[in-house]
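Enquirer: Before we start, here is the structure in question, set down as structure tokens.
What follows is calculated from the coordinates using simple rules that are stated; it is not laboratory data. Treat the numbers as computed from the prediction; the structure is a model and nothing was measured. Methodologically, a virtual Cβ is constructed for each residue, glycine included, from the backbone with ideal geometry; neighbour enumeration extends over all protein chains shown.
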């Protein structure tokens, strides 16, 4: 069974200090979410986070963490994540260009530390956008990234919206990455007549084929599906999180 979580990047403007972060954890829990991804929130101590998560019946299995700390402070980063029970150390985006030089700049340091995290019971997780679907002479950047690591060294937090935005098929990629997509991201893609542009939308409010996506995710071994809506276009992001949760719950997720 896939657990539905809330990616706190969605409500980052409500996580600027510890008081508002705790209130956000409570509000997310009140919606019905039992898991969160810690991303773009204020600084916090691991002990504080564990206590707050326990208080509201939440777990935080994954973060998006500072790339320089992941590479240069692996011992501290690992211990920090263990402090609140996070098994996945998340990389939100490559800090380098999506060209050949950027590929090497990304993969070489990750290869140097990935076994450390594995040996300490954790896994690095890379979150994609649409840029990873850049094609080079020797193939797709995303394919090259995935193939540079064995599944035990690098997982993929597959963002299904950004796969589709990059011209890919989310269900295809979930099938292709089976066994290394323990965590995924969900948001919907809709067309807005007001500005004649594609927009992010609450899950179930757009045109993505979530029944096929979720069936593929289940088959691929996904454990957590985090709702992440980067832009809510002036709508209350907590309302958007609730719309997504209600839709996913109606499909049988919890």
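Enquirer: Could you tell me the calculated FRET efficiency between residue 30 and residue 111, based on Cβ-Cβ distance and R0 = 45 angstrom, to the nearest 0.05? Display every interim value, and only then the final one.
Expert: On the way: r = 42 Å, r/R0 = 0.93.
For residue 30 and residue 111, the calculated efficiency is 0.60.
Enquirer: Need the C-alpha centroid separation for the range 1-50 versus the range 53-115, integer Å.
Expert: 18 Å
Enquirer: Moving to a separate point now. Among DSSP bridges having both ends in the chain, what percentage is antiparallel? Round to the nearest 5. Walk me through the intermediate numbers first.
Expert: Numbers: 7 of 32 bridges.
Close to 20 percent.
Enquirer: Which values of log₁₀ I(q)/I(0), to two decimal places, follow from the Debye formula for the range 181-254 at q = 0.24 Å⁻¹ with a uniform point scatterer at every Cα?
Expert: Normalising to I(0) and taking log10 leaves -1.13.
Enquirer: Still on this structure: Mind giving me the FRET efficiency for residue 66 and residue 219? R0 is 41 Å, r the Cβ-Cβ distance, nearest 0.05 is fine.
Expert: Working: r = 33 Å, r/R0 = 0.81.
Plugging the Cβ-Cβ distance into 1/(1 + (r/R0)^6) gives 0.80.
Enquirer: Based on the alpha-carbon gyration tensor of the range 3-250 and its eigenvalue square roots a ≥ b ≥ c, which shape applies: rounded if a/c is under 1.5, prolate if not and a/b is larger than b/c, or oblate?
Expert: Numbers: a/c = 1.61, a/b = 1.06, b/c = 1.52.
In terms of gyration-tensor shape, oblate.
Enquirer: Could you calculate the contour length gain from residue 46 to residue 120, that is, 0.36 nm times the residue separation minus the distance between their Cα atoms, to one decimal place in nm? Can you show the working numbers first?
Expert: On the way: separation 74, 0.36 × 74 = 26.64 nm, distance 1.72 nm.
Contour length minus Cα-Cα distance gives 24.9 nm.
Enquirer: Moving to a separate point now. For the chain, modelled as a Gaussian network with Cα springs under 10 Å, which listed residue fluctuates most, 212, 101, 171?
Expert: Sorting by GNM fluctuation, first place goes to 101.
Enquirer: Counting only helical runs of four or more DSSP H residues, what would the 222 nm mean residue ellipticity of the chain come to if each run contributes -39,500 (n - 2.57) and the total is spread over all its residues? Don't skip to the end; give the middle numbers.
Expert: Working: 10 runs with 104 residues, N = 254.
-12000 deg cm²/dmol, from helical runs alone.
Enquirer: Provide the percentage of antiparallel DSSP beta bridges, counting only those with both residues in the range 93-225; round to the nearest 5.
Expert: Working: 7 of 15 bridges.
Restricted to the range 93-225, the bridges split so that about 45 percent are antiparallel.
Enquirer: Using only C-alpha positions, report the orientation-averaged shadow area of the convex hull of the range 48-104, nm², one decimal.
Expert: Details: hull surface 17.8 nm².
One quarter of the hull surface, i.e. the mean projection, equals 4.5 nm².
Enquirer: Can you tell me the length gained on complete extension of the stretch residue 96 to residue 197, counting 0.36 nm per residue apart and subtracting the Cα distance? Each step should come with its number before you reach the end.
Expert: On the way: separation 101, 0.36 × 101 = 36.36 nm, distance 2.78 nm.
Computed gain between residue 96 and residue 197 is 33.6 nm.
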